[in-house]
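**Q** Dropping the structure in here first, questions after.
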Amino acid sequence: MGVFEGIDALQVVVAVSTIFLISLIDFVVLVRARLRSHHAVHEYTKSDLDYTILIPIFGNISYLRNVEFLKQYARHVVLCTTTKESPEFDVAIDKVAAEHGFRIFRSHVPLASSVQKPNPWRLFTHTLHGSGDLAKQESDQNAGLRFNKEIARDEIIRDSFAAIDTGYCVFLDGDTVAHEKLFKLVHLMRELGFDLASVRVLASKQETIMEKLQSVEYDLAMDARKIYPWLTSGACMVAKTSVIKDIMQHHSLFFSGGDIEIGSSLVF
């Protein structure tokens, strides 16, 4: 009996040790990331006004939650949406743009079946390459097909680059804000000669247990971007317009390929 008890105890120790070692994998990334050099935006004070801020917004204007933050960059902001939004949405976005001096780019995107999986990387390309079709706002809506708003978002991203005539562009989600000035970020990109960078994004709320867990996940994910150069953060990126135009022209727009197919070797 003593022998079997010894074997059982050994198995328990091995099992617990294995689980413990596996759990340390994330901390290996964390330690390696902390050892990598980084560039602090706050150390740069010069301004660079050669940039455009692209904000994807469609479906419901309530998703645009960072208007107060964006007001200070009014003439640089382009709200990227579609030609297939509801009349209520169009009135709301026109009002926001007129009130704060934002520009709007409405991209004509093809209808998609609602059964297709969402694809978050089709949102800015038409703005870059000028393939938006403003004259066909309602032609496809009468076809009786359901419009998948999530798929539309990816196409709007790709379409939206046509509205850019600046040297740099900043991708920013409608609920993302920055503590530092974005013109410092653009100046840093130019001074260091970088083509594209992923900006470190952290959870803004850390009150409930779930929000705190999400914050930990964000920290680990952002640290991992220092180790894996093919990862970027869709919540905020900055790039040379010429570079991101070329990247998005060759992008598959596959949902899970967003980070990998853009790629970045720098995290601010």
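Laboratory data are not the source of any read-out in this text; all were calculated from the coordinates shown. Predicted model, so just to flag it, every value in this text is computed and none were measured. Note: ideal-geometry Cβ built from the backbone for every residue, glycine included; neighbour counts use all protein chains shown.
**Q** Between rounded, prolate and oblate, where does region 179-234 land on the alpha carbon gyration tensor, with a ≥ b ≥ c its root eigenvalues, rounded for a/c under 1.5, else prolate if a/b exceeds b/c?
**A** Taking the square roots of the gyration eigenvalues as a ≥ b ≥ c, region 179-234 is oblate.
**Q** Order the peptides 183-191, 69-77, 94-102 from the highest to the lowest mean number of other Cβ atoms within 10 Å of their residues.
**A** Highest-to-lowest ranking by the protection proxy: 183-191, 69-77, 94-102.
**Q** Calculate one ³J(HN,Hα) per residue across region 210-226 by plugging θ = phi - 60° into the Karplus curve 6.51 cos²θ - 1.76 cosθ + 1.60, and present them in order as whole Hz with x for glycine and proline.
**A** Once rounded to whole Hz, the list reads 5, 5, 5, 5, 4, 4, 4, 4, 4, 4, 5, 5, 5, 5, 4, 5, 7.
**Q** How much length would be gained if the chain were fully extended between ASP246 and PHE20, taking 0.36 nm per residue of separation minus their Cα-Cα distance, in nm to one decimal?
**A** Gain on stretching ASP246 to PHE20: 76.9 nm.
**Q** Using per-residue counts of other Cβ atoms within 10 Å, averaged over each peptide, order 172-182, 47-57, 210-220 from highest down.
**A** Listed from highest to lowest mean packing, they are 47-57, 172-182, 210-220.
**Q** Can you list the residues, at least 5 places off or on another chain, whose amide H is less than 5 Å from the amide H of THR82, using H built in the peptide plane?
**A** SER107
**Q** At what distance in nm do the modelled label points of ALA9 and GLU180 sit from each other, each positioned 7 Å from its Cα along Cα→Cβ?
**A** 5.5 nm
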